[in-house]
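Take a look at the structure below.
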Amino acid sequence: MLAGSKAEKQVLFDFFRYIARFIDDLIGINNAKKLLEYAHEIYPEELILKLENVSRNESGTLVWTPEEATFLSMRLKVNNGKIVTSSYDKRDDFGFTFNRFGWPDSNVDFRRAHDSISTIATNGLLANDHYSDFVRFLQNAVDCFDNHKMRINFLVSNLMKFIERRPCVLSKYGRGRVKIINDIFKKYEKK
């Protein structure tokens with residue numbers, strides 16, 4: 001049990017106000033050190049908490065930084081005193097490649113395989129505050145689809161429909177539908 005006066009406990013509760021948990025992932029905004037200080041009173045001793053505030057420097061080495069952290073599929077970064085989010089895929093830090101999608105000539109339904117770009121775009125829309133991060137996220141997805149011999153023209157068509165059905169994409173990023181599609185697929189224009 002936490003010791004101290006009611007006022008002291010209120011100060012502690014205020015420190016822990018911005019903590020969220022999803023299964024075994026825990027995030028604490030502006031209070032990581034305080035959380036570690038009191039963790040033994042909150043969690044069983046078998047639980048090992050570790051900080052995930054890491055990013056890669058220019059040489060590719062992982063370094064700790066208090067201005068950036070990852071939580072689930074998001075990267076959170078402090079920019080001018082505000083938290084900005086972008087997509088994060090833990091698998092990118094594994095150091096090896098793997099298949100993210102089924103092969104279209106396997107037992108995966110051809111149309112359904114191409115339709116999954118809409119789900120990926122929804123995730124990108126929710127996770128990325130900046131347009132450049134949204135475009136980069138979808139470019140990476142399109143590259144994965146292309147590596148699996150998916151048809152780019154079907155992906156373009158599905159993303160056009162996605163944007164038509166979600167005008168929030170246009171308002172969030174302040175770009176037109178054609179501009180967004182051209183930015184995502186500029187690498188494939190000459191193919």
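For region 74-87, a residue qualifies if it is touching a Phe, Trp or Tyr at 6+ places or on another chain (Cβ under 8 Å) and free of Cβ contacts under 8 Å to residues at least 40 places away in the same chain, and exactly one does: Arg75. Listed by first and then second residue, the pairs with beta-carbon distance under 6 Å, at least 6 apart or on different chains, first residue in region 160-174 and surrounded by 10 or more Cβ atoms within 10 Å (Cβ to Cβ), second part of a loop (DSSP other than H, G, I, E, B), form an empty list. For region 120-164, taking the residues that are outside any helix (DSSP H, G or I) and charged (D, E, K, R), the one that is farthest from Tyr188 (Cα to Cα) is identified as Asp129. When Arg112 is tested against (1) modelled with pLDDT of 85 or more; (2) in a helix (DSSP H, G or I), only condition (1) is not met. When restricted to residues that are part of a loop (DSSP other than H, G, I, E, B) and either of a type in the set (A, V, I, L, M, F, W, C) or surrounded by 11 or more Cβ atoms within 10 Å (Cβ to Cβ) (or both), region 175-191 contains 2.
In region 1-17, the residues that are closer than 19 Å to Tyr43 by Cα and assigned to a loop (DSSP other than H, G, I, E, B) form Cβ pairs under 7 Å with partners that are of a type in the set (A, V, I, L, M, F, W, C) and modelled with pLDDT of 75 or more, at six or more places apart or across chains, as follows: Leu2/Leu12.
The values are calculated or read from the model by the stated rules, or taken from the named source; none is laboratory data. Just so it is clear, the structure is predicted and the values come from calculations on it, not from any experiment. With ideal geometry, Cβ positions are generated from the backbone for all residues, glycine too; neighbour counts draw on all protein chains shown.
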